[in-house]
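> Take this structure first; my questions come after.
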Amino acid sequence: MATPQSSSRQSSSLSSSPMSTRMQSLQVDSVQRWMEDLRHMTEVECMCVLQAKPIGVEEDAQQGELIVASGVGTGDHVARNNLQTLLRRALVVSTELGKMFQRLEKGRWQRVHSTAVRANCHVRSLVHEYSTARSTPPEMQKYEKSLLDKCMELTNITERCLHTDDEFFLKSMREAIHEILTDVSDSFSNMIDMALANEIRVLIKQIESSDNVHTIGSAISNLLSLTQDGPQLCSIIAKEGAVVALFKICRQDRFRELYAHALRTVASICCVEEGINQLDKVDGILCLAEILTDESSVEAARAEAAAVVAQITSPHHTSTQHLASFLESMHDIVTALIKLCESASCGEVFLLASAALANITFFDSMACEILLQLNAIQILLQACRDRQRVDTPYSKDQVVTILANLSVLEQCAAEVLQEQGIERLLLLLGEKPSSPSPSEGAACERVQQKAAVTLARLSRDADVAQTAIQLKAVPRLIELCRSPTERNNSDSVLVACLAALRRLAAGCPDSIEAADHQQLIKPRLVDSFLLCSNMEESFV
């Protein structure tokens, strides 16, 4: 389970999208933005006129220019505005370059040239504004000069193609332009990465050198905003040492009010391997354990520490080197997380704590044994009855994941029976989305699938199997097998339900009618699967 990282944490995945996501993180008053946009649109058009370049009216030209904004700002907003301007300009230029590639392939030379003019203007405006707002590092200056020269070359060479109909010449020019355009794209990407790294270094320096809580908090907010842009930017942030700086904050009592904010940013950065490696190098796991186990820590800080744990233990990460140090603190962390589940004041806190536990139970069986000793089954099943804590399919997904992993232990069955857990599993088998949201639908499918898996595993115990049959688990499983809409047309739910049904039938053959036995139990599992997956519902 990949940890959600913002107010949308209930959706199933951290982490990650390109330029379009950048726009979502820009928080500027709409009227102010329009006024700033208007100023820049005028500047770009004036530059075109001064260069004696025609301005063609194109169906999507205005769209590219309307998203340009100014980087003017004062005080604490300067860094944010610099970043916003940089990201906006980068989006504009990337869009224009993408259009050029498409139009070049189609041989639309008038539009190729007008797009080159517009891209040239935007690049020059970006370089000018950035160098005005911030001193440009020497290594970045060479990219700027090279990029500006190539943009001008691109403008000139595309203009030559407007004055000829010679197909042979145009074909050779197409290849030359494509090569230059590729160079421009690469140079622009490198320059933007350097500029972003420079801005990130400024923010990190503020975090490391300032004693002012407001200044540090503002810098952390800007970093957090940048992490929403996707994994590429998170990698840059990690390489510049943000994780190290943030954990320094989390180790100082005078900055306790910033712990939650800093840890939320760390969780976002750790969607990439570089972030996790940095966390491991500074003994971040030990710091997380200290915050989680510190009873004086506010709930928000412990919840965000849980979010970091969930992120670094996500099965999606290919590297597991950091888990070696995690094992040393695992008992303390697991204990703190199950306590947080028990005391959670709201659904989001429970979601983060249970997500961390769910991930932990995947990679070490010792965690399952620890949870059983800590009465985790009782705590989790009681939480399911509390809508203040478990209020969405996403939270239920975490609970049933933990139960499924615990159910491999023999002693689990007795505790589930004692806490009326079979009744809860049957309720989870009926989980349905309350909205058309694809992520919510997928979460409901996972809940159904894991509930069936848990029931199948627990039904090795004769008492569990008998209780499930008495609670009419068999008719519900048959309904899920035969009705595609009941399982949201999910093949994984179908397989899990067939397995659970066969487990119950093995212990109590009389619980299943002959016709159902003939179709769902007697054939090979794959044959029953094919029969049910191709079955159309009868509405008679």
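> Could you give the spread of the C-alpha atoms of region 234-319 along their three principal axes, from largest to smallest, in whole angstroms?
Computed over region 234-319, the largest-to-smallest principal extents equal 35, 26, 18 Å.
> Please list, in order along region 486-502, the HN-Hα scalar couplings obtained from phi with the Karplus expression 6.51 cos²θ - 1.76 cosθ + 1.60 (θ = phi - 60°), rounded to whole Hz, x for Gly and Pro.
Rounded to whole hertz, the list is 5, 10, 6, 6, 8, 6, 5, 5, 4, 4, 5, 5, 4, 5, 5, 4, 5.
> Leaving out ligands, DNA and RNA, what percent of the accessible area of region 318-456 is carbon and sulfur, probe 1.4 Å?
After summing per-atom areas, the C and S share lands at 49 percent.
> Sticking with this one: Which listed residue (PRO436, VAL399, GLN420) has the Cα farthest towards the positive end of the charge dipole for region 395-447, taking +1 on Lys and Arg C-beta and -1 on Asp and Glu C-beta about the Cα centre?
Of PRO436, VAL399, GLN420, it is PRO436.
> Placing +1 at every Lys and Arg Cβ and -1 at every Asp and Glu Cβ, with all other atoms neutral, what dipole size does region 117-272 have around its Cα centre, in debye to the nearest 20?
Dipole about the Cα centre, nearest 20: 760 debye.
> Going 7 Å from the Cα of HIS316 toward and past its Cβ, which residues in region 435-469 have a backbone nitrogen under 18 Å from where you end up?
438-447
> Please give the length that would be gained between GLN378 and ASN156 if that part of the chain were fully extended, namely 0.36 nm times their separation in residues minus their C-alpha to C-alpha distance (nm, one decimal).
Here the segment from GLN378 to ASN156 would lengthen by 72.6 nm.
> Based only on the alpha carbon positions, what is the Kirkwood hydrodynamic radius of region 420-468, in angstrom?
11.4
> Computing the accessible area with a 1.4 Å probe over protein heavy atoms, can you report the carbon and sulfur percentage for region 88-186?
Carbon and sulfur: 51 percent of the exposed surface of region 88-186.
> If ligands, DNA and RNA are left out, what is the accessible area of LYS171 with a 1.4 Å probe, given in Å² to the nearest 10?
Here the accessible area works out near 120 Å².
> Hey, another quick one. Tell me the label-point distance for the pair LYS522, SER365, using the 7 Å Cα-to-Cβ offset, in nm and rounded to one decimal.
3.8
> Over the Cα atoms of region 410-540, what is the Rg over Rh ratio if Rh follows Kirkwood?
0.96
> Moving to a separate point now. Semi-axes of region 264-395's equivalent ellipsoid from the Cα gyration tensor, sqrt of 5 times each eigenvalue, largest first, rounded to whole Å?
In descending order the semi-axes read 23, 16, 14 Å.
> Now a separate question. Expressed in nm to one decimal, what extension gain is obtained for the pair ASP510 and THR132 from 0.36 nm per residue of sequence separation less their Cα-Cα distance?
Roughly 127.9 nm would be gained on extension.
> Moving on. 7 Å from Cα along Cα→Cβ at both THR215 and LEU531: what's the point-to-point distance in nm?
About 7.4 nm, to one decimal.
> Let me ask something else. Enter the per residue convex hull volume of region 90-232, computed from alpha-carbon coordinates, in Å³ rounded to the nearest integer.
Dividing the Cα hull volume of region 90-232 by its residues yields 110 Å³.
> Another one. Treat each spin label as a single point 7 Å out from the Cα along the C-beta direction, and report the LEU427 to GLN252 distance in nm.
4.7
> Find the Rg to Rh ratio for region 193-238, where Rh is the Kirkwood radius over alpha-carbon pairs and Rg uses the same atoms.
0.98
> How far, in nm, would the chain grow between GLN110 and SER483 when pulled straight, counting 0.36 nm per residue and subtracting the alpha carbon separation?
Extending this stretch completely gives an extra 128.6 nm.
The values are calculated or read from the model by the stated rules, or taken from the named source; none is laboratory data. Since this is a predicted model, take the numbers as computed values, not measurements. Methodologically, a virtual Cβ is constructed for each residue, glycine included, from the backbone with ideal geometry; neighbour enumeration extends over all protein chains shown. Calculation scope for accessible area: heavy atoms of the full protein, side chains included, ligands and nucleic acids excluded. Shrake-Rupley method; radii C 1.70, N 1.55, O 1.52, S 1.80 Å.
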